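For reference, the structure discussed in these notes is given below.
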Amino acid sequence: MRSRWLYVISGLIINICLGAIYAYSVIQVPLKKLFEASPPEGFGLKVTATEMQLPFLVFLAVFALTMPIMGKYIDKYGPRKIAVVGGIVVGLGWFLASIANSPLALVFLYGIIGGLGVGIAYNCPIVTSGKWFPDKRGLAVGLTILGFGFSAAITAPLMDFLVASYGVQNALRILGVLFTTIIILCALVLRFPPADWKPSGWKAQAATTTSSGLSRREMVKTKTFYGLWLCYTFGTLAGLMAIGVSKPVGLEVAKNIGISEAEISAFLTGLVAVFACCNGFGRPVFGWITDRLKPAKTAMLSYALIILASLMIYSYPASLAIYALSFAILWLNLGGWLAIAPAATASFFGMKDYARNYGLVFTAYGAGAVVGNILVGQVKDIFGAYIAVFPYVATIAFLGIIVAVALMKPVQVGQTN
């Protein structure tokens, strides 16, 4: 039998391809130029910041809505077939984005198709790693999803290079073919272990320690669920908004200093790669903190950091150092919420119906993407600067602290609020 770590490595690589959406801000800038350029070089459109955020937020919303419903199909058809289908759809989304002639076309060709593909494939490597590592599930799953968080560290410089070398349309075509090929090759490795398989020398815990908890129907009757859902929305709102505008905000800060786009573009792309590392590390760091402080206190810590980052960037709009630190914190906290929320779901509602419960909680990720990116786009269109959004982000984070204190409280198993 092949080493079970091969499934983790394959899953990590698949997630690097799926997580390329986190480098959207790198291709957003040349796409906006393409749409606005006069024919024949472009399409001669007048494009708003909100319109350029729509493909990104739709991609994440479709991903968040698709992922929870794929579990039963992964169980029925196996992770290999579902991941192959997802890989084809993901690649198709990136490839078809190359023929978009407006932000609205990009919403359909990239946002809907690409988001659907990620939602189809995302859980395949995660479930596979979990089944092969009942003795080290946290480590195996954590390493598998690390690829999604770290993706932009690899894909952002790649996108920048391809755009500079071949133009944004050809770059999207190359990325589509590349992602599909890599995902399919890695998906061919995926399979579940035999039903009676277990690691040598490992003994399962008593069933009573993992089967207790609330069903999804019982969970939605609790105030705790709505508190967690709102907190997850507020937490991901800040991070997903920051991811969507990382490079445009950097260009805005550079302009305030008097540095041209040509001088700063490569540096800002490099910073996106650093931010992606913060996002990746946010998962294990906040997972460790959640184990020690419990979900509500960890949520409040996250919100405090979001408030700090927001006030810093708003107060110093002409400092690249403050920009880099603030966005590193925001990306870190997005990764953090992808650890806080699943841990809180298990802690508050138990493991009896965990997969379905967290699938419903995860829809908050999509809500955060929609609200955050509409907010930042509207603020840019109204006030003329992305940085003007951060007082609103700080206010939302403060509301998150209030909700965490009031509603993120343990539920007694067998009881509803």
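A compact table of results
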read-out: Axial C-alpha extent at least 24 Å, average Kyte-Doolittle at least 0.0 - helices from the chain (DSSP); value: 49-66, 79-96, 137-166, 168-187, 223-257, 261-293, 295-315, 320-349, 363-383, 390-407
read-out: √(5λ) per eigenvalue of the Cα gyration tensor, the range 215-411, largest first, Å; value: 32, 16, 14
read-out: Extension gain, Leu188 back to Ala37 (0.36 nm per residue minus Cα-Cα distance, nm); value: 50.1 nm
read-out: The chain, helix-only ellipticity at 222 nm - DSSP H runs n ≥ 4, -39,500 (n - 2.57), divided by all residues, nearest 500; value: -25500 deg cm²/dmol
read-out: Placed amide H near Gly350: partners under 5 Å, 5+ positions off or other chain; value: Leu214
read-out: Distance violations [Cα-Cα > 29 Å] among Lys131/Lys294; Lys76/Lys297; Lys247/Lys294; Lys33/Lys255; Lys136/Lys297; Lys136/Lys294; value: Lys76/Lys297; Lys247/Lys294
read-out: Using a Förster distance of 30 Å, the FRET efficiency for Ala304-Lys72 (Cβ separation, nearest 0.05); value: 0.15
read-out: Sites Trp5 and Asn101 - FRET efficiency at Förster radius 45 Å, r taken between beta-carbons, to 0.05; value: 0.50
read-out: Extension reserve of the Ala388-Ser260 stretch, reckoned as 0.36 nm per residue once the Cα distance is removed; value: 44.0 nm
read-out: Net lengthening on full extension, Tyr166/Lys46 (0.36 nm per residue, minus Cα-Cα); value: 40.8 nm
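The numbers here are math on the coordinates, done by the rules we state, and not lab data. This is a predicted model, so every value here is computed, not measured. Cβ coordinates were reconstructed from backbone atoms using ideal geometry, including for glycine residues, and neighbour counts include every protein chain displayed.
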